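Data block below; observations after.
The values are calculated or read from the model by the stated rules, or taken from the named source; none is laboratory data. Note that this is a predicted model, so its numbers are computed, not measured. Neighbour counts run over all protein chains shown; Cβ positions are idealised from the backbone, glycine included. Ligands, DNA and RNA are stripped out before the accessible areas are found, and what is left, the full protein with its side chains, is counted by its heavy atoms. Shrake-Rupley method; radii C 1.70, N 1.55, O 1.52, S 1.80 Å.
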Amino acid sequence: MVSGKLKDLSAQQRRVIRAWCMYDWANSGYATAGGAAIFPVYFVFLFKDALGESVSILGIDFTGSSTWSLAIAFATALVAISSPVLGVIADRVAIKKALLWIYTIVGASATCLMFFSAYTGQPWLWFLAMFIIANIGFAGCLVFYNTFLPHIAPRELLDDVSSRGFAYGYVGGGLLLAVHLAMILATRDTQWADLVTRIAISSIGLWWFGWALWTFKLVPEPHIPNPIHGLGPGRAMALACRELAHTFREIRGFRVIVIYLISYLLFNDGLQTVLNVAGAYGADTIGIPLVFNMATILIIQFVAAFGAMAFSWLAGRIGTKGALSVTLVGWSVAVLFGVAVAPLAPVDHKDFDYRLAYQGEEGRYLVEAAPEEEESVSDRVWREELGAAGLAVNAGGALKAGDTLSPGEAESLLATVRKSDRSLYGISVEGGELDGETGVGARHNSNLGKGRIDWWPREVRQRVWRPLGLDAPYQWLLLGVSVGLVMGGSQALARSLFAQIVPHTRSGEFFSFFGFMGRVSTVFGPLLYVVVTGVVDTRVAVLSLLVLIIAGGVMLKWVDAAAGARAADEEDARHYAEAGEAVPG
């Protein structure tokens, strides 16, 4: 096959490619609606509700986002260890589809079981445990899903097919997220909000499994030129160890693959960690609400679908490696400005959490607005602060809109909001002796503190965000659109470039190494984020990921894709000759 267009393939080949792409449609619901939008934000809520802002273990402070990152690292480490062994066996025994089935069932089932977190003694712990199991299924299925790519399309179409797969995934995940966003918006601030959120979570597992059936029905098991039959567990493990040892001995023959895998390990480490912790980072550090985070990610999905196909076009003009390098430059800029997302300090009276207005006739201050408090640890502590200041005017201890305060109580509230190290709020007073008085608490999200790089978001806020009038949620949205443009291209081209340089007859083995590097990156990156967060802060932790992206991008310079493709063809020819078969044309 020499044509460079999908339309020149047979109808059966196009059906198989479409069915393969549909698995991206299926599991991207997990990655998008779940992993990026709902899971991390919901977990941070459960974590804070049970444990507060952070918990210290062995001198390291674990926040909701760093605990989430640690769970990702643990789950993917298990897949990283096991996938090379299973990949080697899958190249000698026709079990690629069976392994894809197993990981899909495990992942989808655990996702559905997240629904029951509310009925357990420790909701945050149940949710975290089910997520770890689900993430094992998700990470494992990607390893074996990718192994099908070099078998379903000729090498010159791999950029196109890989990009289409990601485009399908972005659109499918985006549609599911749109439904979830509508559900959550419709029930926000009602007694059904938590139930509907958990229903949305469990539906992700059903979506994943249901659409995957299309793939399993139409995509055939890849042909193996020299299969082994009747391979028991003991022989299978011995075979895997022997083949892996053989691969390491002849690794010089696959020099291009080795260089690319190291490059991929570095830049994918940064990219995947950014994607995995973005939702938790936004909720934890910047205070992005769940609904706004979901809306941002929804927009990203459709931008990313366009980006995947646009970079596929660019790859046809400047080569896969060149187009991939462009996406990494874009990622670097996005991460740099992601660190600079910073809420604007409130200025107008309407921007503050507590708003007091003097009522001259009564000589008291009306509470026009007050924060909506819940039964979380931080809110309970804040009510205690108000009680200590003599401001527990309601049975529940909270101030509510419509309450009135004497001038002395208003002054006490003003002082408490300003000076308490527990204060998350801002306050503004109109009228009376306190007219024009404002203040923000020590933990108000607009306070950047004295972190090592807090000068950067402060500078960008002063020079860019404030003149544009963009508060944090809209900065987040703008950043998300930028990420969407390069996200699709980077993921699709990274996969297709690897598919171009691996032998088809050893796709399971080499894509397992590809998956291994991907999994190692999602172990090391989150651990780096956890450590840097505990030692410094979350902004420095995000910035540390930029170093990995740049290092991986620089290493791409030494990846000779043409030489890698020639070595892959030679290896395939050898395998087919040993099996007495002709190399497929």
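Beta carbons within 10 angstrom, averaged per residue: use that to sort the peptides 436-443, 28-35, highest first.
On the way: 436-443: 17.4, 28-35: 27.2.
Averaged packing, sorted descending, gives the order 28-35, 436-443.
So if each residue of separation counts as 0.36 nm, and I subtract the Cα-Cα distance between L195 and D348, what length gain in nm does that give?
On the way: separation 153, 0.36 × 153 = 55.08 nm, distance 3.62 nm.
Full-extension gain reported as 51.5 nm.
Keeping all protein chains in place, calculate the accessible area per residue for the chain (probe 1.4 angstrom), answer in Å².
41
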- Query: What ³J(HN,Hα) values, in whole Hz, does the Karplus curve 6.51 cos²θ - 1.76 cosθ + 1.60 give for segment 426-437 when θ = phi - 60°, with x put for Gly and Pro?
  - Reply: x, 9, 9, 10, 10, x, x, 5, 9, 4, x, 6
- Item | Gain in span if fully extended, S82 to A118, counting 0.36 nm per residue against the direct Cα distance | 9.7 nm
- Item | Separation of the V481 and H223 label points, Cα + 7 Å toward Cβ, nm | 4.9
- Message: With the crude spin-label approximation of a point 7 Å out along Cα→Cβ, what separation in nm comes out for E430 versus S202?
- Response: 4.7
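How large is the helix-only mean residue ellipticity at 222 nm for the chain, computed as the sum of -39500 (n - 2.57) over DSSP H runs with n ≥ 4, divided by its residue count, in deg cm²/dmol to the nearest 500?
The helix contribution divided over the chain gives -22500 deg cm²/dmol.
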- Which FRET efficiency value, to the nearest 0.05, do you get for A182 and I105 by plugging their Cβ-Cβ distance into 1/(1 + (r/R0)^6) with R0 = 25 Å? 0.30
- Going by average Cβ neighbours within 10 Å, how do the peptides 168-175, 292-299, 559-566 rank, with the highest at the top? 168-175, 292-299, 559-566
- Query: Relative to the present Cα-Cα distance, how much length would full extension add between L468 and V535 at 0.36 nm per residue of separation?
  - Reply: 20.7 nm
- Task: Just the number, please: carbon plus sulfur as a percent of the accessible area of segment 68-204, 1.4 Å probe, no ligands or DNA/RNA counted.
- Result: 74
- Query: How far is it, in nm, from the label point at A11 to the one at D421 when both lie 7 Å from their Cα along the line to the Cβ?
  - Reply: 7.4
- 32 Å Cα-Cα threshold exceeded, pairs from K7/K97; K217/K557; K5/K97; K48/K400; K450/K557; K5/K217: K217/K557; K450/K557
- To the nearest 20 debye, the chain has a Cα-centred charge dipole, built from +1 on Lys and Arg Cβ and -1 on Asp and Glu Cβ, of 2500
- Across segment 149-166, in residue order, what do the Karplus-derived ³J(HN,Hα) couplings come to in whole Hz, using 6.51 cos²θ - 1.76 cosθ + 1.60 with θ = phi - 60° and x for Gly and Pro? 4, x, 8, 9, 8, x, 4, 5, 9, 5, 4, 5, 5, 4, 5, 5, x, 5
- Note on the structure: Whole-percent carbon and sulfur contribution to the accessible surface of segment 1-64 (1.4 Å, no ligands, DNA or RNA) stands at 59
- Towards the positive end of the charge dipole of the chain, with charges on Cβ (+1 Lys, Arg; -1 Asp, Glu), say which of W20, G172, P473 has the farthest Cα. W20
- Most packed first (mean Cβ within 10 Å per residue), the peptides 411-422, 492-503, 70-81 order as 492-503, 70-81, 411-422
